[in-house]
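Each remark here refers to the structure printed beneath this line.
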């Protein structure tokens with residue numbers, strides 16, 4: 001796989017196909033391989049880029065100084081866009097969705113479209129109503145479990161509680177022993193991901209400035225924190241459309257790919273020749 005140096009770290013990424021750029025950002029605990037099926041389909045018409053974010057896949061753990069933030073992760077996407085020299089469709093799931101939203105707020109001119117699948121942008125719940133506070137309290141319980149497990153060195157137990165929260169009781173036990181052994185050491189990065197999404201300073205009103213055609217996808221039986229985030233963004237983003245996948249939860253791209261992937265492909269096709277954004281990108285460069 002090709003690599004790009006981002007602030008001293010060698011970031012690996014999948015690169016296949018040709019045409020308009022599509023950048024795919026994975027969820028916490030996963031890697032660019034999460035998108036294998038979607039990438040193979042899109043590569044027939046697009047150049048597909050799927051990086052391993054910090055601490056996942058073949059990309060080393062973040063070793064910078066200061067507090068880790070979504071901006072550090074977003075720098076990977078920005079570096080890729082600079083290297084590839086063209087605007088891109090940006091797709092993000094879960095943690096990758098929170099990163100994608102940060103990218104859109106920072107370099108909107110570089111995007112042709114945006115797809116957010118249950119972005120865990122928990123910072124958008126701050127300053128909200130009582131229901132937002134309840135949803136934030138719910139996710140903080142998960143964060144506390146992860147933190148306690150790290151302190152105790154119980155990486156497998158912590159990852160079990162993390163996976164079962166998002167996917168359902170017994171989901172961790174259903175994984176193969178080899179898969180559990182591979183995931184458990186990534187718990188420290190999961191904790192960093194939570195830190196980044198909870199301490200991000202931007203708020204919901206800031207999203208009003210993101211004028212990128214945006215597809216929001218959520219599962220019909222997902223968790224309340226991401227349900228509220230998706231609904232807030234659907235009302236706030238100027239060019240947003242929202243779609244709910246029947247019977248799906250938070251991991252819809254993996255459990256319901258047959259429903260999610262065509263929605264993404266249609267959204268990309270609709271915005272494939274956004275000439276105004278191509279002009280903005282050329283002017284910026």
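Please treat every number below as a calculation from the coordinates, not as lab data. Remember, predicted model here, so these are calculated numbers, not experimental data. When we count neighbours, we look across all protein chains shown, and the Cβ atoms used for this are built from the backbone with ideal geometry, even at glycine.
Return one number: the angle in degrees, 0 to 90 and rounded to the nearest 10, between the long axis of the Cα atoms of helix 187-199 and the longest principal axis of the Cα atoms of the chain. Helix 187-199 sits at roughly 60 degrees to that axis. The modelled label-to-label distance between residue 137 and residue 243, using points 7 Å beyond Cα along the C-beta direction, is 3.6 nm.
Here the range 235-258 is scanned for amide nitrogen atoms under 17 Å from the site 7 Å beyond the Cα of residue 266 along Cα-to-Cβ, giving 240-248, 253, 256-258. Just checking the listed ones, 173, 110, 43: in the Gaussian network model of the chain with Cα springs under 10 Å, the one fluctuating most is 173. Computed on the range 130-195, with alpha-carbon pairs under 8 angstrom and 6+ residues apart, the relative contact order is 33 percent. Quick one: helix 275-284 against the long Cα principal axis of the chain, what's the angle to the nearest 10°, folded into 0 to 90? Tilt relative to the chain: about 80 degrees.
With both labels modelled 7 Å from their Cα along Cα-to-Cβ, the residue 220 to residue 235 distance reads 2.3 nm. The simple spin-label model puts a point 7 Å past each Cα toward its Cβ; for residue 181 and residue 148 those points are separated by 2.8 nm.
For the pair residue 173 and residue 109, a Förster radius of 45 Å applied to the C-beta separation gives a FRET efficiency near 0.45, rounded to the nearest 0.05. The relative contact order of the chain, computed from alpha carbon pairs under 8 Å that lie at least 6 residues apart in sequence, is 18 percent.
Take every DSSP beta bridge whose two residues both sit in the range 1-72, then give the antiparallel share in percent to the nearest 5. Please report the intermediate quantities before stating the final value.
Working: 9 of 13 bridges.
If I count the DSSP bridges inside the range 1-72, around 70 percent turn out antiparallel.
If you sort the three axes of the alpha carbon gyration tensor as a ≥ b ≥ c, you get a/c under 1.5 for the chain, which makes it rounded.
Packing around the peptides 253-261, 95-103, taken as the average count of other Cβ atoms within 10 Å per residue, puts them in this order, highest first: 95-103, 253-261. Measure nothing fancy, just the Cα-based angle from helix 224-236's long axis to the longest principal axis of the chain, in degrees from 0 to 90, nearest 10. The angle comes out near 20 degrees. Is the range 130-195 rounded, prolate or oblate when judged by the Cα gyration tensor, a ≥ b ≥ c being the square roots of its eigenvalues, rounded requiring a/c under 1.5 and prolate requiring a/b larger than b/c? It comes out oblate by the Cα gyration axes.
At an R0 of 45 angstrom, the distance between the Cβ atoms of residue 255 and residue 63 translates into a FRET efficiency of 0.85. In units of the compact-protein estimate 2.2 N^0.38 Å, the range 1-113 shows a Cα radius of gyration of 0.96.
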